[in-house]
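**Student:** Before I ask anything, here is the structure I am working with.
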Amino acid sequence: MRPASADLTAFLGFSPTPENRTVGGFAGGGGFLVVGFEFEYANASENEVDPVPGLRNGDLARIFAEIGDLLELKGDDGFKIAAYRRAADTLAHEPTDVVAAYRAGSPPKLPGVGKAIDEKLAALADTGRLRFHERLRREVPPSLVELLAIPGVGSRTAGELWRQLGIATLDDLGTAARAGRLRTIKGMSEKTE
């Protein structure tokens with residue numbers, strides 16, 4: 001017959017992880033025969049790996065250009081649309097790494113970028129996401145982009161077709177053209193159909 005045994009282990013300290021994060025905490029455990037317990041606590045330090053995707057100026061420019069297009073598809077204010085497109089152009093030609101500057105706490109003064117867009121840039125630098133952009137993408141059917149591939153159909157015309165006639169796909173457009181419904185849109189004629 002074997003005598004009963006017990007063990008007790010403990011750890012207190014810091015340990016690096018494969019992601020090069022320093023983790024501090026403690027762990028302990030104990031057991032008596034088959035019955036035992038274990039617990040662990042860890043706290044990641046402030047210098048953990050950045051989970052936010054690295055956005056380059058070109059990525060920012062694409063996002064703001066797309067916002068401009070989505071706003072135009074929705075029929076939003078022309079000044080607002082122009083502001084997002086101007087921001088996209090500014091970001092595309094900006095030599096400074098905009099995200100790095102925001103993260104360092106010294107955002108660049110970008111020509112033509114006002115407070116609202118500046119706040120959106122700060123959010124993108126901080127989280128890699130922009131809820132406003134994501135909401136617009138949910139509100140506008142992705143198939144409208146197909147209409148933009150048609151020569152002479154820009155985001156304004158595609159938006160009018162969508163808002164006034166419910167046209168969101170190439171098939172919808174073909175059906176409406178055969179039915180003669182496109183003429184009801186300003187700038188469209190029988191010849192256009």
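The values are calculated or read from the model by the stated rules, or taken from the named source; none is laboratory data. What you see is a predicted model, and the numbers here were worked out from it, not measured in a lab. Glycine also receives a Cβ, built like all others from the backbone with ideal geometry; neighbour counts cover every protein chain displayed. Ligands, DNA and RNA are stripped out before the accessible areas are found, and what is left, the full protein with its side chains, is counted by its heavy atoms. Shrake-Rupley method; radii C 1.70, N 1.55, O 1.52, S 1.80 Å.
**Student:** Considering only the range 158-187, state which residues are hydrophobic (A, V, I, L, M, F, W, C) and touching a residue at least 12 places away in the same chain (Cβ under 8 Å).
**Tutor:** Within the range 158-187, 158, 161, 162, 165, 167, 168, 170, 173, 176, 177, 182, 185 meet the criteria.
**Student:** Still on this model: Out of all the residues in the range 64-87, which are open to solvent by less than 10 Å² (accessible area, probe 1.4 Å) and among the hydrophobic types (A, V, I, L, M, F, W, C)?
**Tutor:** Matches in the range 64-87: 64, 67, 71, 73, 87.
**Student:** A follow-up question, please. Working carefully through the options 163, 62, 131, find the one that is within 25 Å of residue 186 (Cα to Cα) and either among the charged types (D, E, K, R) or more than 14 Å from the chain's Cα centre (by Cα) (or both).
**Tutor:** Step by step, each of 163, 62, 131 is checked, and only 163 is within 25 Å of residue 186 (Cα to Cα) and either among the charged types (D, E, K, R) or more than 14 Å from the chain's Cα centre (by Cα) (or both).
**Student:** Go through the range 147-193 and give me each residue that's within 19 Å of residue 76 (Cα to Cα) and β-branched (Val, Ile, Thr).
**Tutor:** Answer for the range 147-193, where residues must be within 19 Å of residue 76 (Cα to Cα) and β-branched (Val, Ile, Thr): 153, 157, 167, 185.
**Student:** Would you check which residues across the range 114-152 are of a type in the set (Lys, Arg) and not in a helix (DSSP H, G or I) and list them?
**Tutor:** Within the range 114-152, 129 is the sole residue that qualifies.
**Student:** Does at least one position in the range 142-150 carry a residue that is within 12 Å of residue 70 (Cα to Cα), of a type outside the set (S, T, N, Q) and open to solvent by less than 80 Å² (accessible area, probe 1.4 Å)?
**Tutor:** Yes - at least one qualifying residue is present in the range 142-150.
**Student:** Go through the range 153-181 residue by residue and tally those that are among the small types (Gly, Ala, Ser) and part of a helix (DSSP H, G or I).
**Tutor:** 6
**Student:** Residue pairs, Cβ under 6 Å, 6 or more apart or interchain, first in the range 129-140 and closer than 14 Å to residue 168 by Cβ, second modelled with pLDDT under 95. List them.
**Tutor:** 140/70; 140/73
**Student:** Scan the range 89-133 for residues that are on the phi > 0 side of the Ramachandran plot and open to solvent by less than 30 Å² (accessible area, probe 1.4 Å) and report the count.
**Tutor:** 1
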